[in-house]
1. Number of Lys-Lys pairs in segment 250-364 under 21 Å by Cα, sequence gap 8 or more or different chains?
2. Given a Förster distance of 30 angstrom, what is the FRET efficiency for residue 301 paired with residue 329, based on the Cβ-Cβ distance and rounded to 0.05?
3. Quote the Stokes-Einstein diffusion coefficient, in whole µm² s⁻¹, for segment 91-241, based on the Kirkwood radius over alpha carbon pairs, a temperature of 37 °C and a viscosity of 0.692 mPa s.
4. How far apart, in nm, are two points set 7 Å out from the Cα along the Cα-to-Cβ line at residue 270 and at residue 34?
5. How big is segment 27-93 along each principal axis, measuring the range of its Cα positions in Å and listing the largest first?
6. Be a star and scan segment 180-194 for residues whose amide nitrogen sits under 13 Å from the point 7 Å along the Cα-to-Cβ vector of residue 8.
7. At q = 0.09, 0.15 Å⁻¹, what base-10 log of I(q)/I(0) does the Debye formula yield for the chain when every alpha carbon is treated as an equal point scatterer in vacuo?
8. Determine the shape class of segment 211-254: with a ≥ b ≥ c the square roots of the Cα gyration tensor eigenvalues, call it rounded for a/c under 1.5, and otherwise prolate if a/b is greater than b/c, oblate otherwise.
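The values are calculated or read from the model by the stated rules, or taken from the named source; none is laboratory data. Everything quoted here is computed from the prediction, not taken from an experiment. Note: ideal-geometry Cβ built from the backbone for every residue, glycine included; neighbour counts use all protein chains shown. When the accessible area is computed, the model is the full protein with side chains, heavy atoms only, and any ligands, DNA or RNA have been set aside. Shrake-Rupley method; radii C 1.70, N 1.55, O 1.52, S 1.80 Å.
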Amino acid sequence: MNIPFSTFTPMHNEIKTDMQACFERVYEKSWFIDGDECHQFEKEFAEYCKTEYCVGCGNGLEGLYLLLRAFDIGEGDEVIVPSNTFIATALAVSYTGATPVFVEPKLKTYNINPCEIEKAITKQTKAIIAVHLYGQCADMDPILEIAKKYDLKVIEDAAQSHGATYKGKKAGSLGDAAAFSFYPGKNLGCLGDGGCITTNDRTIAGKARAIGNYGSDKKYHHIYKGINSRLDELQAGFLRIKLRELDRWTKERQRISERYLNEIKNPKIILSSVDKKNTHVWHIFPILVEKREDFKNYLQNNGIGTVIHYPIAIHLQDAYKDLGFKKGDYLIAEKIAKEELSLPLYYGMADDEIDYIIQKINRF
Ligand SMILES: *Cc1c(COP(=O)(O)O)cnc(C)c1O
């Protein structure tokens, strides 16, 4: 057997003619930025997330940045981010001139531990970025409660959690505003880079749109020092096609993950937990294993691909040397960086492939 960590092929084969027709449509129309496809997608994705507004942008990192700017966060401010996340969460904060302040996750769900947040709040704290990591929503109620108490904004980093729910409410609709990524490998991905923000706050939606359009709300009138971060027509058109299939594709990720959860029985492998309040969309299927190198090689030798999310905790990355952290400062993030491994998971995995993976894991 040769099972990759991920592949788009089964998904993309199903929609190939629609995608080609979309290309033809946009090509013939010859309108590539800020047109019908983007506006329609924004409407459809807002409906999907059950929010008032959706604004397309260049990618997930810029979505977060646009929201931070829209909330007037910048130099001298602090923003709380989980110590275990993709580095983009922290980079968005740094780009505004503000400082990311790390808070440890819970090991069981990998998401920020609300009980650790209050300790990290100072007079400079302006916002909390709640990352819904690996496809499962952060525990939002206590986070929103703390935010209310200290008058902080809550921004969701929903880059890995399209369609996930918390107490029946969709990711993207749980905080003051949310950013999504449509990087190809995300659960909803385009054929390049793309992203959006969602919110019920009209002012924030308008500001984010303006800041992503050179700071202008009217052509050649610039009210902010903005950037160029927009979702182009082709990508928006592709996303509209994929959005229609997303829930069906997600169900398959959930079915495979359920099998892993129920059938992997090896004391060396620690599975994650799904919070009862959540429906998990399994952007990735993470496990913890002490002998990770051995395990990864063993699977590789058996034709099973895996990926580490993520091998170095953010506070120990060279890019964040300036913050002056050292090994041991965020022990849970460091443990995850040392032991996490993501199993193959994609729409179109065959049952005998799932059987084979589970069997090999249980024999390790
Ligand atoms: C992918 C990702 C981002 C960044 O999205 P891009 O579109 O790649 O810029 C941000 N946060 C998290 C948690 C992500 O997984």
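1. 23
2. On the way: r = 35 Å, r/R0 = 1.18.
With R0 = 30 Å, the Cβ-Cβ based efficiency is 0.25.
3. Details: Rh = 16.6 Å.
Taking Rh from Cα pairs, D becomes 198 µm²/s.
4. Rounded to a tenth, the inter-label distance reads 5.0 nm.
5. Here the Cα extents, ordered largest to smallest, are 47, 26, 24 Å.
6. Counting backbone N atoms under 13 Å from the label point, the list is 182-194.
7. -0.50, -1.33
8. Values: a/c = 5.18, a/b = 3.12, b/c = 1.66.
It is prolate, given that a/c is not under 1.5 and a/b is the larger ratio.
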